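What follows is one structure encoded as structure tokens, with my remarks underneath.
The values are calculated or read from the model by the stated rules, or taken from the named source; none is laboratory data. Worth saying up front: this structure is predicted, and the values here are computed from it rather than measured. Positions of Cβ are generated from backbone atoms using ideal geometry, with glycine treated the same way; all protein chains shown enter the neighbour counts. With ligands, DNA and RNA removed, areas are computed over all heavy atoms of the protein, side chains included. Shrake-Rupley method; radii C 1.70, N 1.55, O 1.52, S 1.80 Å.
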Amino acid sequence: MTTVLEALKAAEQRLQEVPDPRLDAEWLLSEVLGVSRLEMLLNKRRELTEAEAAAYEALLVRREGREPLQYILGSQSFMGFSLKTDSRALIPRNDTEALCEEALKYVRPGGRVLDLCTGSGALAAAIKKLRPGAEVWAADISEAALSLAKENAERLGAEVKFVRGDLFSAVDGEKFHVIVSNPPYIPESLRGRLQAEVEREPALALFAGDDGLDFYRRIVQEAPAHLLPGGRLCLEIGDGQGDAVKALLHEEFADIQILNDLNGLPRVVSAAVKEEKRL
Ligand code: GLN
């Protein structure tokens, strides 16, 4: 018979390749036992049943294969909400909370909000929960992502209008006060060289041409036609992309700001559409 403590030690050894072996070993075992990590750690001498040991083994095999922890656990917290996660969409990142916070500043009651490239639906659902008076739309090209996003909106009890299409083609003729987007932004050259777990996420959600800026070019060009007067565009950016995205925005946008995430890294570009540009 194996105790919780022994099982954790053995698992930690097996998971040496993953970034945080001990923590992952704990999360996975607490999932199997159906208790919080704290509760589990307070009962370290408890023995695992055969069924529990077998279930733990199955999860460890998946994690050893570098399946992301959040795909195995099936959920991830975003803005304090528990979202369902699986291979249909990118896992919501804590970094993206900075983007959510920025967008929320501009969402008024009755305001129209679009989450472009919604993926798991994290941004759209969180914005609707935190600004219930707003009308929130969410678009994605991926049918699989949209099905997960819908499940997440339902899970949170957030009323979001979901539409499918390639970027703005999903919202033909619609205008919004706020457009928020965490589009793909990783340069194609990094494909196959990312952290093993990231490579298990949908490539469609990650890669964006040679310089990683393909989606920003299209979004910046097409967004003005979908923004109401004074409307705001809030974008997540990757490592070192701030100046390039700022330059793209220069023509049609004013009040361009670059904001940091919780790690102090530039993560968000936010800008207001120029009034004089509208016809
Ligand atoms: N932030 C993600 C990563 O670094 C990428 C997300 C994206 O391309 N939008 O893995």
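Along segment 221-226 the Karplus relation, 6.51 cos²θ - 1.76 cosθ + 1.60 evaluated at θ = phi - 60°, assigns HN-Hα couplings of 5, 8, 4, x, 5, 10 Hz to successive residues, with x for each Gly and Pro.
Remark: for residue pairs Lys128/Lys175; Lys129/Lys161; Lys128/Lys246; Lys84/Lys175; Lys128/Lys274, the C-alpha separation exceeds 23 Å in Lys128/Lys246; Lys84/Lys175; Lys128/Lys274.
Beyond 22 Å, the tail of the calculated P(r) for segment 1-108 holds 39 percent of the Cα pairs. Per residue, the accessible area of the chain comes to 47 Å² when a 1.4 Å probe rolls over the protein heavy atoms. Can you list the lysines whose alpha carbon is less than 28 Å from that of Lys44, not counting same-chain residues fewer than 8 positions off? Here the lysines satisfying the reach criterion relative to Lys44 are Lys9.
Using the empirical formula 2.2 N^0.38 Å as the baseline, the Cα radius of gyration of segment 235-279 reaches a ratio of 1.23. Residues whose amide H falls under 5 Å from that of Val268, counting only those 5 or more places apart or on a different chain, are Ile237, Leu259, with hydrogens built in the peptide plane. Compactness ratio for segment 187-227: Cα radius of gyration over 2.2 N^0.38 Å (N = residue count) comes to 1.42. Normalised by 2.2 N^0.38 Å, where N counts its residues, the alpha-carbon radius of gyration of the chain equals 1.11.
Atom-type composition of the exposed protein surface of segment 55-111 places 51 percent of the accessible area on carbon and sulfur (1.4 angstrom probe). Computed from the alpha carbon atoms alone, the convex hull of segment 86-214 holds 100 Å³ per residue.
The Rg/Rh ratio for segment 57-122, using Cα coordinates for both the radius of gyration and the Kirkwood hydrodynamic radius, is 1.10. A crude spin-label estimate for the pair Leu228 and Arg45, with each label 7 Å from Cα along the Cβ direction, gives 6.4 nm. Between the residues His177, Leu233, Gly119, the greatest Cα displacement towards the positive end of the dipole of the chain, with unit charges on the Cβ of Lys, Arg, Asp and Glu, is found for His177.
Scanning the chain for trypsin sites (Lys or Arg not before Pro) in DSSP loops with at most 11 other Cβ atoms within 10 Å, what's the longest stretch left with none?
Values: sites that count: Arg45, Lys105, Arg193.
It runs 106-192.
Here the alpha carbons of segment 133-279 define both size measures, Rg and Dmax, at 15.8, 48 Å.
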